[in-house]
Structures are given as C-alpha cells and as structure tokens.
Amino acid sequence: MRVVRPDLKTIANIDDELSTELLNGFVYASDAVLSSLAEFIRNPNRQSFVQASVEMRKDLWGKKTSTEESTRIIALMSKLEDQS
C-alpha cells in the first residue's frame, strides 16, 4: 500500500480514505456496491472485502460472479495469507 499511496500511513488514514470513497460512491456506484462497501467499513474481514470487490466488478464491468467464485477467491486469499 505504501508504494502506491504513501500518504496512507495509519489504519485511521485508511479508514478515512474508505469513508471518503463511500461518499464518492453515492455519485456513481450501485446500491449493491454502496451496501457492501459500507459493510466492509463496519466489519473489515476477508468475506466483506470479497463481497465488496465482487459487487464492484459487477458494477464496473458487468461481470457476473457466482457464489462459488467468491468462495474460491476467499480460499485463495487465505492460502496466500498463510504463505506470507
């Protein structure tokens, strides 16, 4: 994160950035994106991150993502996290 956004130095900075993005989203994001991003901000965990990401993909690119794909993404993230 620091390579791309060196201004985000603390968790509070990240929280502020996410809240700002949620507000910006009211202009362009679907209700599903707003709802899932708000849930991620309230409860930041792997599942809420994947759900927000899936909703963003659908909104941005019209991608259909099944529950099975979301489950595979979560499993892959867990595996990568275990390797680090």
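Tallying residues that are of a type outside the set (Asp, Glu) and surrounded by 13 or more Cβ atoms within 10 Å (Cβ to Cβ) within the stretch 18-45 yields 16. Restricting attention to the stretch 1-55 and to residues that are touching a helix residue (DSSP H, G or I) at 6+ places or on another chain (Cβ under 9 Å) and among the acidic types (Asp, Glu), the residue that is farthest from Ser78 (Cα to Cα) turns out to be Asp7. Can we say Ser36 is of a type in the set (Ser, Thr, Tyr) and either at pLDDT 85 or above or outside any helix (DSSP H, G or I) (or both)? Considered against the rule, which asks whether it is of a type in the set (Ser, Thr, Tyr) and either at pLDDT 85 or above or outside any helix (DSSP H, G or I) (or both), Ser36 comes out as yes. Any residue in the stretch 60-70 that is modelled with pLDDT under 90, under 13 Å from the mean Cα position of the chain (by Cα), under 26 Å from Asp82 (Cβ atoms) and outside any loop (DSSP other than H, G, I, E, B)? Checking the stretch 60-70: at least one residue is modelled with pLDDT under 90, under 13 Å from the mean Cα position of the chain (by Cα), under 26 Å from Asp82 (Cβ atoms) and outside any loop (DSSP other than H, G, I, E, B).
The values are calculated or read from the model by the stated rules, or taken from the named source; none is laboratory data. Owing to the predicted nature of the structure, the values given are computational and were not obtained by experimental measurement. Positions of Cβ are generated from backbone atoms using ideal geometry, with glycine treated the same way; all protein chains shown enter the neighbour counts.
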